[in-house]
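The structure under discussion appears below in the form of structure tokens.
The values are calculated or read from the model by the stated rules, or taken from the named source; none is laboratory data. What you are looking at is a predicted structure, and each value in this text was computed from that prediction instead of being measured. Heads up, the Cβs are rebuilt from the backbone with ideal geometry, glycines too, and the neighbour counts pull from every protein chain shown. Just so you know, the surface numbers come from the protein's heavy atoms only, side chains and all, with ligands and any DNA or RNA stripped out. Shrake-Rupley method; radii C 1.70, N 1.55, O 1.52, S 1.80 Å.
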Amino acid sequence: MPKKILVNLPTKDLEKAKSFYTALGYSMNPDFTDDDVACVVISDEIQVMVLVEPLFRRFTPRDVADATQVTETILALSVDSREEVDDLVDKALAAGGSPVDQPDTHDMYSRSFCDPDGHMWEVIWFDPAGLQG
């Protein structure tokens, strides 16, 4: 059985977060979504739990980073083509995300964005020809 990853992210506005991730083409798992949390299904192996900040704070003794001010992490997501990188990032920007940097084309193609809460996402396509060298 493949391993799964569950990423937990705090949000200031759950409805805005749900709308954002839905606009990217992802679905919500209704079994793990309520007024305080949304389970964003990216793939069978990747799910993002978006929790309202008071609930998120119950899972950590540390301060919760304001991702609009500091980099807490960079969530990298691989896709199957250069076009898919552009499509996903363009959808993110149209849905209220913000750009992070310019495309990188060294044996891979990537673009980055921040979601409305400031969480940084990098979308990557690895050029198979560049990986063989």
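Scanning region 78-119 for residues that are within 16 Å of the chain's Cα centre (by Cα) and in a loop (DSSP other than H, G, I, E, B) turns up Val79, Ala95, Gly96, Gly97, Val100, Asp101, Asp115, Pro116, Asp117, Gly118, His119. Restricted to region 1-77, the set of strands (runs of 3 or more DSSP E) holding at least 3 residues that are in contact (Cβ under 8 Å) with a residue 24 or more places away in the chain and of a type outside the set (Val, Ile, Thr) comprises 5-11, 46-52.
Kindly establish whether Asp80 is in contact (Cβ under 8 Å) with a residue 40 or more places away in the chain and not β-branched (Val, Ile, Thr). Yes: the conditions hold for Asp80. Residues being touching an Asp or Glu at 6+ places or on another chain (Cβ under 9 Å) and closer than 17 Å to Val123 by Cβ are entirely absent from region 55-63. On inspection, Val41 does not qualify as surrounded by 12 or more Cβ atoms within 10 Å (Cβ to Cβ), over 13 Å from the mean Cα position of the chain (by Cα) and among the β-branched types (Val, Ile, Thr). Residues in region 1-37 that are within 14 Å of Asp117 (Cβ to Cβ) and open to solvent by 40 Å² or more (accessible area, probe 1.4 Å): Asn8, Lys12, Asp13, Glu15, Lys16, Lys18, Ser19. Among the conditions (1) closer than 30 Å to Ala129 by Cα; (2) crowded, with 17+ Cβ neighbours inside 10 Å; (3) in contact with a helix residue (DSSP H, G or I) (Cβ under 8 Å, 6 or more places away or on another chain), Ala95 misses just one, which is (1). Residues of region 63-72 that are aliphatic (A, V, I, L, M) and open to solvent by 70 Å² or more (accessible area, probe 1.4 Å): Val70 alone. The numbered conditions (1) open to solvent by 60 Å² or more (accessible area, probe 1.4 Å); (2) in contact with a Pro (Cβ under 7 Å, 6 or more places away or on another chain) are all true for Phe56 except (1).
Give me the residue from region 73-87 that is in contact with a strand residue (DSSP E or B) (Cβ under 8 Å, 6 or more places away or on another chain) and open to solvent by 70 Å² or more (accessible area, probe 1.4 Å) and, out of that set, farthest from Cys114 (Cα to Cα).
Asp80
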